Amino acid sequence: LATLAAITHADNPDVGAILKAVSSTLGTLPEKLSIPLSELVTQGLGKRPVREQWRNLMAVDTSFYKSWIVEEIRDESREEGREQGRSQGLAQALLLVLEGRGIALSEQERERITACEDSER
């Protein structure tokens, strides 16, 4: 019932409470029930903004989920971590090069460089 409530009330601002209940309950169910129900919620939410909230809930503790959507979330999380690591490494390298060349930076400029998460930039 909570699965259907999550889909039915997906546009309700309080749907987060329903999604949390569904997510925590799925962890207590056998896989033959939890996998199809988690996928039903994912598909039922469609492209609504609340789908991202659902994905975040599933990403918090996905150890018991073995569905395709969870694998997609895990892959995205790994790639985001790699990209963040790349960006931080490049920022530190840039700061070292600038320092080595005697280019002084203000604290604001240093923060701007270290806060940048776009490795291409």
- Spot the failing condition for Ser119; the list is (1) surrounded by 15 or more Cβ atoms within 10 Å (Cβ to Cβ); (2) at pLDDT 75 or above; (3) over 30 Å from Leu4 (Cβ atoms), and only one is missed. (2)
- Query: Given the conditions (1) of a type in the set (Asp, Glu); (2) without any contact (Cβ under 8 Å) to a residue 24 or more places away in the chain; (3) more than 16 Å from Glu72 (Cβ to Cβ), and given that Glu52 satisfies all but one, which numbered condition is not satisfied?
  - Reply: (3)
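Out of all the residues in the stretch 34-43, which are in contact with a helix residue (DSSP H, G or I) (Cβ under 8 Å, 6 or more places away or on another chain) and either of a type in the set (Lys, Arg) or open to solvent by 20 Å² or more (accessible area, probe 1.4 Å) (or both)? Give the steps one after another, and end with the answer.
Going through the stretch 34-43, the residues in contact with a helix residue (DSSP H, G or I) (Cβ under 8 Å, 6 or more places away or on another chain) turn out to be 34, 37-42.
Leu37, Glu39, Leu40 - these are the residues of the stretch 34-43 that are in contact with a helix residue (DSSP H, G or I) (Cβ under 8 Å, 6 or more places away or on another chain) and either of a type in the set (Lys, Arg) or open to solvent by 20 Å² or more (accessible area, probe 1.4 Å) (or both).
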- Scope the stretch 20-33; condition part of a helix (DSSP H, G or I), open to solvent by 10 Å² or more (accessible area, probe 1.4 Å) and either within 13 Å of Trp54 (Cβ to Cβ) or of a type in the set (Gly, Ala, Ser) (or both); matching residues: Lys20, Ala21, Ser23, Ser24
- Note on the structure: Log entry, pairs with first residue in the stretch 23-34 being more than 15 Å from Leu57 (Cα to Cα) and without any contact (Cβ under 8 Å) to a residue 40 or more places away in the chain, second being among the aliphatic types (A, V, I, L, M) and not in a loop (DSSP other than H, G, I, E, B), beta carbons closer than 9 Å, six or more apart or on different chains, reads Leu29/Leu37; Leu33/Leu26
- Only one of these is touching a helix residue (DSSP H, G or I) at 6+ places or on another chain (Cβ under 8 Å), assigned to a helix (DSSP H, G or I), at pLDDT 85 or above and farther than 23 Å from Ala115 by Cβ: Ala10, Ala17, Ala6. Name it. Ala6
- Keeping to the stretch 106-116, report how many residues are open to solvent by less than 100 Å² (accessible area, probe 1.4 Å) and either at pLDDT 85 or above or over 12 Å from Gln88 (Cα atoms) (or both). 6
- Message: Being of a type in the set (Gly, Ala, Ser) and at pLDDT 85 or above is the requirement here; does Gly27 meet it?
- Response: no
- Query: For the stretch 71-94, what are the residues that are farther than 11 Å from Ser119 by Cβ and either modelled with pLDDT under 70 or of a type in the set (D, E, K, R) (or both)?
  - Reply: Glu71, Glu72, Ile73, Arg74, Asp75, Glu76, Ser77, Arg78, Glu79, Glu80, Gly81
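The values are calculated or read from the model by the stated rules, or taken from the named source; none is laboratory data. The model shown is predicted, which means the values in this text are computed figures rather than measured ones. Neighbour counts run over all protein chains shown; Cβ positions are idealised from the backbone, glycine included. Accessible surface is based on the protein model in full, side chains and every heavy atom, while ligands, DNA and RNA are left aside. Shrake-Rupley method; radii C 1.70, N 1.55, O 1.52, S 1.80 Å.
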